[in-house]
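The numbers here are math on the coordinates, done by the rules we state, and not lab data. Keep in mind it's a predicted model, so treat the numbers as computed, not measured. Cβ placement follows ideal geometry from the backbone for every residue including glycine, while neighbour counts extend to all protein chains displayed.
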There are 2 protein chains.
Amino acid sequence: MWFKRWLLGRPIATAQAAHERLTKTVALAIFSSDALSSVAYATEEILLVLVLAGTSAFHYSIGISLAIVGLLAILTASYRQTIFVYPAGGGAYVVSKSNLGELPGLVAGASLLIDYILTVAVSVAAGVAAITSAVPELHDHRVALGLLAIAIMIWANLRGVREAGKLFAVPTYMFIGTLGLVLVMGLGKALLGVKVDLPAVPAVPVVEGVTLFLLLRAFSSGCTALTGVEAISNGIPAFKEPASQNAAATMTWMAAILGTLFLGLTALANFYGVVPREDETLISQISRAALGGGLLYYFMQLATMKILILAANTSFNGFPRLASMLAQDGFLPRQMRHLGDRLVFSNGIVLLGGFAALLLVIFRGDTHALIPLYAIGVFLSFTLSQAGMVQHWRDQKGSGWRKKLAINLSGAIATGVATLVLAVTKFTHGAWVVVVLLPLFIVMFRRIRWHYKMVDWQLSLDMYERPPTPPRSTFVMPIGEVNRATVLALDYVRQRGREIRAVHVDVDANETARIKEEWAKWGVGIPLETLPSPYRSFLPPLLDYIEKVREETPGGWVTVVLPEVLPARWWETLLHNQRALLIKAAVLFKFRVIITDVPYHLGPY
Amino acid sequence: MWFKRWLLGRPIATAQAAHERLTKTVALAIFSSDALSSVAYATEEILLVLVLAGTSAFHYSIGISLAIVGLLAILTASYRQTIFVYPAGGGAYVVSKSNLGELPGLVAGASLLIDYILTVAVSVAAGVAAITSAVPELHDHRVALGLLAIAIMIWANLRGVREAGKLFAVPTYMFIGTLGLVLVMGLGKALLGVKVDLPAVPAVPVVEGVTLFLLLRAFSSGCTALTGVEAISNGIPAFKEPASQNAAATMTWMAAILGTLFLGLTALANFYGVVPREDETLISQISRAALGGGLLYYFMQLATMKILILAANTSFNGFPRLASMLAQDGFLPRQMRHLGDRLVFSNGIVLLGGFAALLLVIFRGDTHALIPLYAIGVFLSFTLSQAGMVQHWRDQKGSGWRKKLAINLSGAIATGVATLVLAVTKFTHGAWVVVVLLPLFIVMFRRIRWHYKMVDWQLSLDMYERPPTPPRSTFVMPIGEVNRATVLALDYVRQRGREIRAVHVDVDANETARIKEEWAKWGVGIPLETLPSPYRSFLPPLLDYIEKVREETPGGWVTVVLPEVLPARWWETLLHNQRALLIKAAVLFKFRVIITDVPYHLGPY
């Protein structure tokens, strides 16, 4: 207990919840780390596709980036409207479910859950890659480093929102500042014609020509830059009042910063003619060239690593909130519903960390293998969310609804087209995994809710006819030894008018004689029945006896009383209670049989 | 249950035990497979040491083998006497403990337990090597093959003694017969000067000269031939009456066969000038030469594999019996004491198989790495056992005791010297592991017995003053939902004059209001107390309340009544009872607090 307090901090009262709200500055750091961090790999992913048509195709990256930034602008306008309509949090699940119906809601919910897990895995993998670009010796330990990072994140998030905010505000602004410096210095050097130090460009074989499909694939890859922009619309209740206004303003700022950094980096990559390499990330190459290699370069790599690791944090805010909403609607286990005593959804945090760690181990910490799985879920939920908003305006109307509908409709169409492009161009590269997982999640959601409904129905008191008198219980006490634990259990259970049956399974004749003698002294007149055991096992005769007693009293219960010796040290439990465990396991699924353990606590010696 | 029956056979009644006794023919097969099988590697182990002084030193192997056979003769004479003195089974543990005292007994017991585990691991590894000598393609799968063999042995032994005997009699005699044929044909060919087909002798570098230490090391390595000869003296109760006479006769036969095969093989290796090779066992080379390679050779390899795998079976008889004896004396956990329902010690069998499998995996199935760990424990227990017999004759005297004492004394001295030689020459090759493990085992034995003694003392009724009236219990019922499960639990527990406290932890005001309303309908007039929970967790307020109730009734008990919903499918339990689990874990180590689970079994839907 004290360990939990020390690790996670003192509990926070429900009444304190309002004081835990975030300022815009802190909220920008927390909710935009995911979106901003994707700058670290989006340009590289575009060039990795274009390189198939040779380095001469790289100039297409400018146009592709502009298209992506255009998409970002539409999306931002679209989501700003959602923020005002759903001030309690307008995630894709809520918006789709309330406007389009349950199934689209569940599709959005499942996409988002998958996406949150992948965000953690991808961001951690890319963050570790930033470090191993600067310190190649650590390359072999990247899975271990990633797992360490996930463990730290679980810890930070279990401590709670505000403190997590403090921890994360600094690195986000550090990244924005340092990458800004890289862009200013880099573009300055390029414009002034200062020669920069770049690794020799390797000979790149031309594999295919510049086709529309290739350009669409490059566009799909670049779309990872937009993952995470929805985070703010899910987290409105975490903002200080007026929450919606603050959230919308933060959203605009985030989009502006994201667009600038992404376009700047793509432009600089083109100016310098940088080619993606296996052993060093693109952003590392550009930073090294622009900053000239020294201490500032290492600072930049550190900032990249930090924002990527912290980007995963967006998911640690989003996943547990979404899981809690799904659980409240009965689609996930009930224990995910509740806020923990630090005002966070503890179960969801641990679950998310666990899944992400699993993915990291399976894919051995490789960013490029994880990214194709990643964007399709995000864009599917974008589309459903915008389509839900379109339906909202059609239903609700209100002042200027036609203009608002047009904005959301353009968002829905743009993201819908992007989703199709992603699904088609990335299908064989891993997007199929998401296509398989989605229906499985939805089946699971529905199965869980069906279960809860059926259980509620079976447990309902609506048609229940209570028996006029409480049922009688016969108490069966298996006697293996006559000692203080046995006597204590007997004294706990014996009462005037109660039927107690003491039984001993006769495995060894000498022992049985001894037990009988001792029982005569301590058994307060209750007779000790002996159960023969021709096969030396104590369990079958006992179970037969319990069955017999149960049949003798129709409608009645059998309570099995077990004295349980609890040693002072944990390893000593291996030396006790094996029989009690076997008995408990054997009667667990029998009707009208109850186990009562009477503990006897041993002292240390 | 039916699966267990089908796998392991029907239970066998205690009264049937006598019918499970073994004839001499079957007993020879069961108890001597360990000793005989070591012929498959003992000669090779001797040559592997001598080869350090070049192939010219090989002729020393004849003398060394004769010394080992001399040791075998002394040991057999010595053990025959033990068999008559301890007809109930004269293992080293019993003989040392009853004559020399507890500590020597425990040393012998620990040596034997370690040795049994190593026997299984070594025999299985060598058996698999016999197969991979003939079929080199399987070399990469040797660990998997070994684990499969261990699994089959666990299965066979859980089925019981007699049937296991049937399974093992054929291969032992097959091995004796086929190896006999190899020796007759091989020596015949050698004497008649028939040219045999042997692989070219590789150039052997001379690493050291022929020193006394080298010869002693070779002797130590060859001593593995004697491992397992004590098996019969442990298993006398398994023989048909007159058990001692039958056992002694079987022992003599076994020693004669073992000596003949071992000497014959060493002689043949010298005649042919065979050199140990990495890719093929010595016995495989000799068999191939003597039998001429064809089907008969493969039959020989199969027989070698089978007897080696089955040699491990000796341990499956010995280990559980010894563990049961140690458990009866309080040195091992009590659950190892009992015969299972097929008249075998099931716990010991599974434990032995598990440890051996672990060793096999750790040493990656390599025979030569395991053998140095192996013989020292055996010889230590030989020495202690013979020394115990010497003490026995000094104490008991009896007719002709001086002669009998002399025989056992010579046995004790011979094996004692061999133990010292083994410990010194093999110390750095792995014998140190045993030297480290032995004290650890003995500390564990004593720690376990001390624990049981202290527990018996704490539980003893000798000075116990029973309270004049049974203690009162207050019943605390945490109410999370009001449904059939809750009402059933309430009806189970309510009785006239009983104090029942229904409590609800107030996490959510709306829910609390609903629960109160429903409880008013179903709570049979018991008031529902509401426990405030400022931190939203239900556990701390509940624990505080339980604590308060316990303090209100000094000397009394608190019984926490938990309705438990049991779903029809196992995975559905993940969706229920999380709170009940948390409550149970939290109060487990509280004094005078008892949990009563009232199960509600859901039907399938």
Residue among B:307, B:91, B:598 farthest towards the positive dipole end of chain B, charges placed on Cβ: B:91
Cβ crowding within 10 Å averaged over residues, with B:95-105, A:129-139, A:313-323 ranked highest first: A:313-323, B:95-105, A:129-139
Residue-averaged beta-carbon neighbours from other chains (10 angstrom radius) around A:453-461: 6
Principal-axis tilt of helix A:142-159 within chain A, Cα atoms, nearest 10 degrees: 70
Calculated label separations, residue B:437, copies of the chain, 7 Å along the beta-carbon direction, nm: 4.5
Spin-label proximity, residue A:350 to the stretch B:517-540 - amide N less than 20 Å from point 7 Å beyond Cα toward beta carbon: B:535-540
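Of the listed peptides A:430-436, B:501-507, what is their order by residue-averaged count of other C-beta atoms within 10 Å, with the highest listed first?
Working: A:430-436: 16.0, B:501-507: 20.3.
Answer by packing, highest mean first, reads B:501-507, A:430-436.
Starting from the Cα-Cα distance between residue A:585 and residue A:524, subtract it from 0.36 nm times their residue separation and give me the gain in nm to one decimal.
Values: separation 61, 0.36 × 61 = 21.96 nm, distance 2.97 nm.
That pair, residue A:585 and residue A:524, stretches by 19.0 nm at full extension.
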Calculated FRET efficiency for the pair residue A:260/residue A:295, C-beta based, R₀ 30 Å, to 0.05: 0.75
Computed [θ] at 222 nm, helices only, for chain A once each DSSP H run of length n ≥ 4 contributes -39500 (n - 2.57): -22000 deg cm²/dmol
Label point 7 Å beyond Cα along the C-beta direction, distances from residue A:159 to other copies (nm, shortest first): 6.2
Nearest beta-carbon to the A/B symmetry axis - residue in chain A, distance in Å: A:596, 3
Spacing of the two label points (7 Å from each Cα toward its C-beta) at residue A:420 and residue A:395, in nm: 2.6
Projected label distance in nm at residue B:144 and residue B:241, using a 7 Å step from Cα toward the beta-carbon: 5.2
Acute angle (nearest 10 degrees) that the helix A:161-192 long axis makes with the longest principal axis of chain A, alpha-carbon atoms: 20
Binned Cα-Cα distances of the stretch B:381-526, short to long, each 10 Å bin given as a whole percent: 9, 17, 12, 12, 11, 9, 11, 13, 6, 0
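Run through every distinct alpha carbon pair of the stretch B:416-488 and return the Kirkwood hydrodynamic radius in angstroms, one decimal place. Before the final figure, lay out each step's value.
Numbers: mean 1/r = 0.0525 Å⁻¹.
So the Kirkwood estimate lands at 19.0 Å.
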Pairwise centroid distance, computed over Cα atoms, of the stretch B:29-96 with the stretch A:92-149, Å: 64
Over the stretch A:181-317, relative contact order from alpha-carbon pairs under 8 Å, at least 6 apart, %: 38
Separation in nanometres of the label points that stand 7 Å from Cα toward Cβ, at residue B:358 and residue A:403: 7.5
Size of the stretch A:358-437 as Cα extents on the principal axes (Å, biggest first): 53, 24, 20
Cα gyration tensor shape of the stretch A:474-601, rounded if a/c is under 1.5, else prolate or oblate by comparing a/b with b/c: rounded
Whole-angstrom gap from the stretch B:568-605 to the stretch A:247-286, using each part's C-alpha centre: 53
Peptide-level mean, for B:591-602, of C-beta atoms on other protein chains within 10 Å: 5
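Take every residue in peptide A:527-538, count the Cβ atoms of other chains within 10 Å of its Cβ, and give the average of those counts. Show your work: numbers first, answer last.
Working: counts 0, 0, 0, 0, 0, 0, 3, 7, 11, 11, 6, 1.
That works out to 3 on average.
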Hydrodynamic radius (Kirkwood) for chain B, which is based on Cα pairs only, to one decimal in Å: 28.2
Helix A:24-37 vs. chain A, principal-axis angle (Cα, 0 to 90°, nearest 10): 80
Rg in Å to one decimal, and Dmax rounded to a whole Å, for the protein assembly as shown via C-alpha atoms: 38.8, 120
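For residue B:62 and residue B:211, what is the calculated FRET efficiency with R₀ set at 22 Å and r taken between the beta-carbons, to the nearest 0.05?
Working: r = 18 Å, r/R0 = 0.83.
The formula returns an efficiency of 0.75 here.
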Charge dipole (the stretch A:360-513, unit charges on Cβ, about Cα centre) - positive-most of A:483, A:427, A:440: A:427
Sites residue A:548 and residue A:428 - FRET efficiency at Förster radius 60 Å, r taken between beta-carbons, to 0.05: 0.40
Farthest positive-ward along the protein assembly as shown dipole, Cα basis, beta-carbon charges - from B:416, B:546, B:585: B:546
Sequence-separation-based contact order of the stretch A:474-601, relative, with Cα cut under 8 Å and 6+ spacing, percent: 31
Mean Cβ count within 10 Å, highest first, over the residues of peptides A:467-477, A:77-87: A:77-87, A:467-477
Mean separation of Cα contacts under 8 Å (6+ apart) over length of chain B, as relative contact order %: 21
Inter-copy label distances at residue A:198 (7 Å, Cα→Cβ; nm, one decimal): 7.2
